[in-house]
Amino acid sequence: MSKLKKYLLFTFIAAWIIGCIGVHEKIHGGRAGRETFHNCLALCMLIPTLGAFLAKADMKEMGWRLNAGKNWKYIAFAWLAPTVFQIIGAVFYFMVFPDDFTPDETFKRLMVAESYEEYQQNGSNYWSVIAEEIFDSLTSFGKVTGTVLGLGEEIGWRGFMYPELKNRQGRTKGLLIGGVIHGAWHFPIMILVGYEYGKDYIGAPVLGLFVFCMYTVSMGVISDFLYIKSGSIWLPAVFHATINGEPRPEILLSDSHPERSIFGPADIGLIGMLPMAACAAFLLWYQYKREQMELEKLFDSNSFSG
């Protein structure tokens with residue numbers, strides 16, 4: 001059995017078993033069960049690294065030095081871009097569905113009565129809350145813990161699986177297949193408990209699986225670009241952590257149309273993901289053009305020599 005097959009079998013089976021345990025606890029365990037579910041999700045993020053060890057991946061060559069001086073541009077991109085993508089995607093969503101933009105109503109629904117009264121008495125408004133959400137997404141300690149958990153996935157996906165797929169299938173096809181595999185890894189919890197989109201969205205439960213794979217393909221293209229350019233596995237881990245810690249556009253969202261979650265405003269929706277998908281498409285095109293130019297130079301050089 002090949003290294004890649006060993007990796008995929010272990011990573012999927014182990015994560016799906018842990019995920020199903022978490023699902024059972026979420027459904028039957030009340031508040032404690034919901035906490036167990038989230039702990040199971042965190043544990044699953046370490047499974048790809050264990051899979052890479054089992055497949056005997058070359059851990060030493062994955063790039064463990066951050067090289068901050070050399071890679072500062074890529075670090076800044078990994079740190080900031082997901083939040084920028086999320087904000088722009090949410091703006092797009094609320095432009096298409098303006099009746100979903102109900103921040104004052106949503107804050108009242110989410111806060112206990114005393115907190116909401118204090119919120120109004122202090123003269124606070126939703127713009128200050130949005131600014132606080134954005135600031136926290138970029139500066140909180142959760143970014144550190146998120147990077148560690150993100151590394152648990154990225155060692156497996158970007159450090160091992162993507163290079164294997166690109167060697168076998170070519171760069172573009174390997175990136176597309178890798179993104180679909182990463183998305184499919186989430187399918188059981190998406191189907192069983194409505195992870196990411198809920199259960200009432202348009203086209204549930206099948207459409208969400210396709211849309212989420214579009215998202216993971218886009219995420220994978222950008223993560224792979226950061227990894228290749230920086231030579232450090234920490235860059236896709238930081239990117240992953242920022243994605244998981246993005247500001248929550250749901251704090252602005254009406255609860256009147258749960259079926260629209262497949263569109264956004266989160267960046268996993270068809271509209272919300274447009275900025276990230278556009279960036280990924282540009283990177284694919286840019287890398288393709290560079291490869292074509294290099295091939296043409298090589299061909300011209302060989303023709304001249306002949």
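Nothing in this text is a laboratory measurement; each read-out follows from the coordinates by a stated rule. No experiment lies behind these values; they were computed from the predicted model shown. Positions of Cβ are backbone-derived with ideal geometry, glycine not excepted, and every protein chain shown enters the neighbour counts.
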_Qualifying lysines (Cα of each under 20 Å from Cα of K26; at least 8 residues distant if same chain)_ = K199
*Using R₀ = 22 Å, calculate the FRET efficiency as 1/(1 + (r/R₀)^6) where r is the Cβ-Cβ separation of A76 and A281; round to 0.05.*
0.55
*asked:* With the crude spin-label approximation of a point 7 Å out along Cα→Cβ, what separation in nm comes out for K199 versus I88?
replied: 3.6
*Net charge near E25, counting Lys/Arg +1 and Asp/Glu -1 over other residues with Cβ under 10 Å of its Cβ?*
+1
*Given the rule -39500 (n - 2.57) for each run of at least 4 DSSP H residues, summed and divided by the residues of the chain, what is its mean residue ellipticity at 222 nm, to the nearest 500 deg cm²/dmol?*
-24000 deg cm²/dmol
_Nearest-0.05 FRET efficiency for H28 and R65, computed from C-beta distance (R0 51 Å)_ = 0.65
*Tell me, rounded to the nearest percent, the portion of alpha carbon pairs in the chain spaced more than 37 Å apart.*
19
*Rank V129, V84, V180 by mean-square fluctuation in a GNM of the chain with C-alpha springs under 10 angstrom and give only the top-ranked residue.*
V129
*Could you name the lysines in cross-link range of K3, using Cα to Cα under 21 Å and dropping any fewer than eight places away on the same chain?*
K56, K60, K166, K173
_Convex hull projection area averaged over all views, the range 197-291, Cα basis, nm²_ = 6.8
*asked:* With the crude spin-label approximation of a point 7 Å out along Cα→Cβ, what separation in nm comes out for K108 versus D58?
replied: 6.2
*Once label points are set 7 Å from the Cα along Cα→Cβ at both E291 and E35, what is their separation, rounded to one decimal in nm?*
4.9
*For the range 1-57, just say rounded, prolate or oblate: build the C-alpha gyration tensor, square-root its eigenvalues into a ≥ b ≥ c, call rounded for a/c under 1.5, and beyond that prolate if a/b exceeds b/c, oblate if not.*
prolate
*asked:* Quick check: residue separation of I13 and S254 times 0.36 nm, minus the Cα distance between them. What number comes out in nm?
replied: 83.0 nm
*In a Gaussian network model over the chain where Cα atoms closer than 10 Å are linked, find which of E61, E133, E291 has the largest mean-square fluctuation.*
E291
*asked:* How high is the relative contact order of the range 63-305? Use alpha-carbon pairs under 8 Å, at least six apart in sequence, and give a whole percent.
replied: 36
_Among M62, M95, M45, residue whose mean-square fluctuation peaks in a GNM of the chain (springs only between Cα atoms under 10 Å)_ = M95
*If you rank T145, T11 by fewest surrounding Cβ atoms within 10 Å, what's the result?*
T145, T11
*asked:* Highest mean first, how do 210-218, 267-275 rank when packing is the count of other Cβ atoms within 10 Å averaged over residues?
replied: 267-275, 210-218
